[in-house]
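**Q** Got a structure for you, written out below as structure tokens; questions coming shortly.
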Amino acid sequence: MINLGERLGLEKTRLDEFLEISQRRLCRRGDILFQRNRVCNQLGYIAEGALRTYCVMESGEEISFLLQVNGDFFGDYESYLTGERSGFIVEAMMDTEVLLFDKRDLEHLIDSDVFWLRFSRTIPDVCFLEAKRRIEDLLFFGPEERYFRLLNKMPEIVQKIPLKYISSYLGITPQSLSRIRKRITN
């Protein structure tokens, strides 16, 4: 969990306090961590593996909103903040180890020490930066560039995720992704 400490800027004793309120969970490929139409009262951290956050359209089509890997935080932060039901599903794309943080436990930690009150601003900052990067990918980069960025972030994991999920995340058809991959290998 040293990566988590580095990512959050926590020294070992503070990291240990933070880990005391976490729940370690091992997920199998296909396990659903968060369901649609339920309030998301937890946030999580991926210790190892990959998750997909997606929604199901009225037509039944699944749209992958996020693909997240080792070192990423996950959860429906809007639902977490507002207490409203989530429109997203979070699913393990491979065997994945996560740490889950319950909202009440985080609030108790924040109430216990002014350090944690200041620290609590870190979580929205991380969520904001991840959302900003996703928006920039969609607005400023073409499909091939988005695929390269995804490969750079998670090269070994991209090979283990079905193409239909990657193409949905990139906002392209599976056929377009196949053409991009073919151009890269030639």
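**Q** Between 21, 39, 10, whose Cα lies farthest towards the positive end of the dipole of the range 1-43 when Lys and Arg beta carbons carry +1 and Asp and Glu beta carbons carry -1, centred on the Cα centre?
**A** 39
**Q** Let me ask another. Run the accessible area of the range 3-116 with a 1.4 Å probe and give the carbon-and-sulfur part as a rounded percent.
**A** Of the solvent-accessible surface of the range 3-116, carbon and sulfur hold 44 percent.
**Q** Residue by residue through the range 52-62, what is 3J(HN,Hα) from phi via Karplus (6.51 cos²θ - 1.76 cosθ + 1.60, θ = phi - 60°)? Round to whole Hz and write x for glycine and proline.
**A** Couplings: 10, 9, 9, 10, 10, 6, 4, 6, x, 5, 8 Hz.
**Q** How large is the accessible surface per residue of the range 1-126, computed with a 1.4 Å probe and reported in Å² as a whole number?
**A** Accessible area per residue, the range 1-126: 55 Å².
**Q** Are there any trypsin sites (Lys or Arg not before Pro) in the range 80-186 that are in a DSSP loop and have at most 14 other Cβ atoms within 10 Å? List them by number.
**A** Passing sites in the range 80-186 are 121, 160.
**Q** Under the Karplus relation 6.51 cos²θ - 1.76 cosθ + 1.60, θ = phi - 60°, what is the ordered set of whole-Hz ³J(HN,Hα) values for the range 149-157, x standing for Gly and Pro?
**A** My calculation for the range 149-157 gives 5, 5, 4, 5, 6, 9, x, 6, 7 Hz in order.
**Q** Given a 1.4 Å probe and heavy atoms of the protein chains only, how would you sort 78, 144, largest accessible area at the top?
**A** Ranked list, largest accessible area first: 78, 144.
**Q** Within the range 19-62, report the GluC sites (Glu not before Pro) that DSSP leaves as loop and that have at most 10 other Cβ atoms within 10 Å.
**A** 58, 61
**Q** In deg cm²/dmol, rounded to 500, what helix-only [θ] at 222 nm does the chain give when every DSSP H run of at least 4 residues adds -39500 (n - 2.57) and the total is split over its residues?
**A** Using -39500 (n - 2.57) per qualifying helix, the result is -14000 deg cm²/dmol.
**Q** Could you quote the convex hull projected area for the chain, Cα atoms only and averaged over all directions, in nm²?
**A** 11.2
**Q** Angle check, please: helix 103-112 long axis (alpha carbons) against the longest principal axis of the chain (alpha carbons), in degrees 0 to 90, nearest 10.
**A** Its long axis makes an angle of about 40 degrees.
The values are calculated or read from the model by the stated rules, or taken from the named source; none is laboratory data. Remember, it's a predicted structure, so these values are computed and weren't measured experimentally. FYI the Cβ positions are ideal-geometry reconstructions off the backbone, even for glycines, and counts take in every protein chain you see. For accessibility, only protein heavy atoms count, side chains too; no ligands or nucleic acids. Shrake-Rupley method; radii C 1.70, N 1.55, O 1.52, S 1.80 Å.
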